[in-house]
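The values are calculated or read from the model by the stated rules, or taken from the named source; none is laboratory data. Remember, predicted model here, so these are calculated numbers, not experimental data. Every residue, glycine among them, receives a Cβ derived from its backbone with ideal geometry; neighbour counts consider all protein chains shown. Quick note on the areas: whole protein, heavy atoms, side chains included, nothing else; ligands and nucleic acids left out. Shrake-Rupley method; radii C 1.70, N 1.55, O 1.52, S 1.80 Å.
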Amino acid sequence: EAKALGRNRFRFFSAGMQDLVRARMSIGTGLRAAIEGDRFRVVYQPQYRLEAGRLVGAEALVRWHDPELGDVPPSRFIPAAEEAGLIVSINDIVMAKVLAQIALWRMRGLEPPRISINVAAQQLREPGFVEQLCRRLDERAVPAGAICLELTEGTLLADIEGTARMFERLGRHGIAVSIDDFGTGYSSLSYLTRLPVHELKVDQSFVQGIASEAGKRSIIVAIVDMAHALGIEVLAEGIETESQLAFLRERRCEMGQGYLFHRPLGVDDFEKLMV
Ligand code: C2E
Ligand code: MG
Ligand code: MG
Ligand code: MG
């Protein structure tokens, strides 16, 4: 009986999985063409210091428009890119675009706030990553403090000693590191005492539960207090309402980003915020 059930279950899943595989394959093919054809663009979501309301940064977010698939959201193509082994190439393209943009702004006498760039742990492990990044910064006369690297916790923890060494080297060069989607990784928090990290980004799922879920409020409070005890600043993502903002301010969360302030902006709109 269990066997029959297993067989049915297998059939049930395999139909769905075929669709999934097909969708992933077309995304994979599209992504390769997009890499070749330079079809990515970068948008910038402003980040604010909550106390003073001052613009202090922006997160660079990749956008992809495919002639056949249309606008594909990152939530769909980033996982596909990871699976297809294309994430490093894409991040690399985004990095190059951001550095070129920062250089351009500076040449025009604008002062961009610190730009955070999403990076995969895989990328960090490539030999020569830090040297290459420093060389690129030098080539464009962009100071290290002009950028910050965002990494999600999951894959960092597989090799915590290696990660710690890498973060230390980045820190010595003046490049800040932020842990993205913090709180979603089901990992022990104690690893933070071993990693030189500058910022934690509280995942938006907690922020969006502020009004309705006491548990999520408690997690935010715990994250902020722990971060502060370790000398790490906190940035909340996905702030959409005034009451979320009020709660975060009261709990001494330093920074935030979200639709309440701005959606991710194209270069022209983002520039208007720089004065
Ligand atoms: P993330 O790094 O956590 O980025 C924040 C996401 O939340 C962005 O979605 C942003 O548009 C969205 N967001 C910001 N404020 C709000 C808000 O108030 N409410 C809601 N509901 N959402 C908000 P996006 O641009 O679709 O990116 C999704 C994810 O894709 C990112 O999550 C990141 O993990 C990944 N991603 C985006 N760009 C890159 C990239 O260049 N490289 C890599 N590796 N991943 C990227
Ligand atoms: Mg991010
Ligand atoms: Mg995030
Ligand atoms: Mg997130």
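Here are some notes:
- Within the stretch 138-149, residues that are modelled with pLDDT of 95 or more sit with their Cβ atoms under 6 Å from residues that are surrounded by 21 or more Cβ atoms within 10 Å (Cβ to Cβ) and of a type in the set (S, T, Y), at 6+ positions apart or across chains, in these pairs: C148/S116; C148/S178.
- Hey, F261 within 28 Å of P127 (Cα to Cα) and aromatic (F, W, Y) or not: no
- The C-beta contact set for the stretch 241-262 (first residue small (G, A, S), second residue open to solvent by 50 Å² or more (accessible area, probe 1.4 Å), distance under 8 angstrom, 6+ apart or interchain) comprises S243/A211; G258/Q204; G258/E240.
- Residue check, H173 closer than 13 Å to A227 by Cβ and either modelled with pLDDT under 95 or surrounded by fewer than 19 Cβ atoms within 10 Å (Cβ to Cβ) (or both): no
- The stretch 176-189, subset within 16 Å of ligand 4 (Cβ to nearest atom) and touching a residue at least 60 places away in the same chain (Cβ under 8 Å), residue surrounded by the most Cβ atoms within 10 Å (Cβ to Cβ): S178
- Members of the stretch 255-275 found to be small (G, A, S) and part of a strand (DSSP E or B), listed by number: G256
- Taking the criterion of being open to solvent by 10 Å² or more (accessible area, probe 1.4 Å) and away from ligand 4 (no atom under 16 Å from the Cβ), the residues of the stretch 115-130 that qualify are Q122, R125, E126, P127, G128, F129.
- Flag if R252 is within 16 Å of ligand 2 (Cβ to nearest atom), part of a loop (DSSP other than H, G, I, E, B) and either open to solvent by 40 Å² or more (accessible area, probe 1.4 Å) or of a type in the set (V, I, T) (or both): no
- In this entry, E199 passes the filter for residues that are modelled with pLDDT of 95 or more, within 16 Å of ligand 2 (Cβ to nearest atom) and either farther than 30 Å from R263 by Cα or acidic (D, E) (or both).
- The residue that is farthest from ligand 1 (Cβ to nearest atom), counting only those in the stretch 105-130 that are closer than 24 Å to E83 by Cβ and in a strand (DSSP E or B), is I117.
- Cβ separations smaller than 6 Å between residues 6+ apart or across chains give the following pairs from the stretch 100-122 residues that are away from ligand 2 (no atom under 16 Å from the Cβ) to residues that are assigned to a helix (DSSP H, G or I): I102/A146; P112/I102; P112/W105.
- For the stretch 190-244, the set of residues classified as open to solvent by 10 Å² or more (accessible area, probe 1.4 Å), of a type in the set (A, V, I, L, M, F, W, C), away from ligand 4 (no atom under 16 Å from the Cβ) and more than 18 Å from G171 (Cβ to Cβ) consists of A211, A214, V221, A222, M226, A229, listed by residue number.
- Residue among L137, L133, L157 that alone is in a helix (DSSP H, G or I), open to solvent by 20 Å² or more (accessible area, probe 1.4 Å) and either under 20 Å from I223 (Cβ atoms) or aliphatic (A, V, I, L, M) (or both): L157
- Residue under evaluation M166, criteria (1) assigned to a helix (DSSP H, G or I); (2) open to solvent by 10 Å² or more (accessible area, probe 1.4 Å); (3) in contact with a strand residue (DSSP E or B) (Cβ under 8 Å, 6 or more places away or on another chain); (4) touching a residue at least 40 places away in the same chain (Cβ under 8 Å), criterion not met: (3)
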